[in-house]
Each structure stands twice: as structure tokens, then as C-alpha cells.
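Each remark here refers to the structure printed beneath this line.
The values are calculated or read from the model by the stated rules, or taken from the named source; none is laboratory data. Quantities reported herein were computed from a predicted structural model and do not represent experimental measurements. Because the Cβ atoms are built from the backbone with ideal geometry, glycine has one as well, and the counts that use them run over all protein chains shown. Quick note on the areas: whole protein, heavy atoms, side chains included, nothing else; ligands and nucleic acids left out. Shrake-Rupley method; radii C 1.70, N 1.55, O 1.52, S 1.80 Å.
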Amino acid sequence: MAFLYENLEKTFKELMWEMKELAAKEPETHDLFKKNVIDFLMKSLKENVYTENEQA
């Protein structure tokens with residue numbers, strides 16, 4: 001389980017680094033992408049994490 005968490009943390013940090021780079025280079029694209037990333041993460045949490053906890 002720790003391995004999966006470490007991979008998730010690494011991926012999230014890479015995403016945040018890429019978002020910061022995009023914000024500096026293309027602010028308008030960053031704003032659109034930021035909204036999509038937030039929507040994706042929220043949807044994933046609702047559909048997967050919350051559902052998983054309800055089944056436990």
C-alpha cells in the first residue's frame with residue numbers, strides 16, 4: 001500500500017510542477033487545464049474513494 005501511495009504522491013507532484021510550468025508559459029491554457037484537472041480529481045474521488053469507503 002505504501003508503494004501505491006508513493007506513486008500517487010510522485011505523480012501528483014509531477015502534475016503540480018507541470019501546471020506551474022504551463023501557468024508561466026501559457027496562462028490561458030493553464031486556466032482551462034486547471035479547471036479540467038480539478039473536475040477530474042473531484043469526479044474520481046466521488047466515484048472511487050467515496051464509493052470504496054461505503055462498501056467497506
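The residue pairs whose first member lies in region 1-15 and is in contact (Cβ under 8 Å) with a residue 12 or more places away in the chain, whose second member is surrounded by 10 or more Cβ atoms within 10 Å (Cβ to Cβ) and of a type in the set (Lys, Arg), and whose beta carbons are closer than 8 Å, counting only pairs six or more residues apart or on different chains, do not exist in this structure.
Inside region 10-28, residues that are more than 16 Å from ILE38 (Cα to Cα) and among the basic types (Lys, Arg) make up a count of 2.
Applying a threshold of 6 Å to beta carbon distances and a minimum spacing of six or more residues, or different chains, the list of pairs starting in region 27-45 at a residue that is more than 15 Å from MET16 (Cβ to Cβ) and open to solvent by 100 Å² or more (accessible area, probe 1.4 Å) and ending at one that is in a helix (DSSP H, G or I) and not aliphatic (A, V, I, L, M) is empty. Taking the numbered list (1) at pLDDT 90 or above; (2) of a type in the set (Asp, Glu); (3) exposed (fewer than 10 other Cβ atoms within 10 Å of the Cβ) in turn, GLU52 passes all entries but (1).
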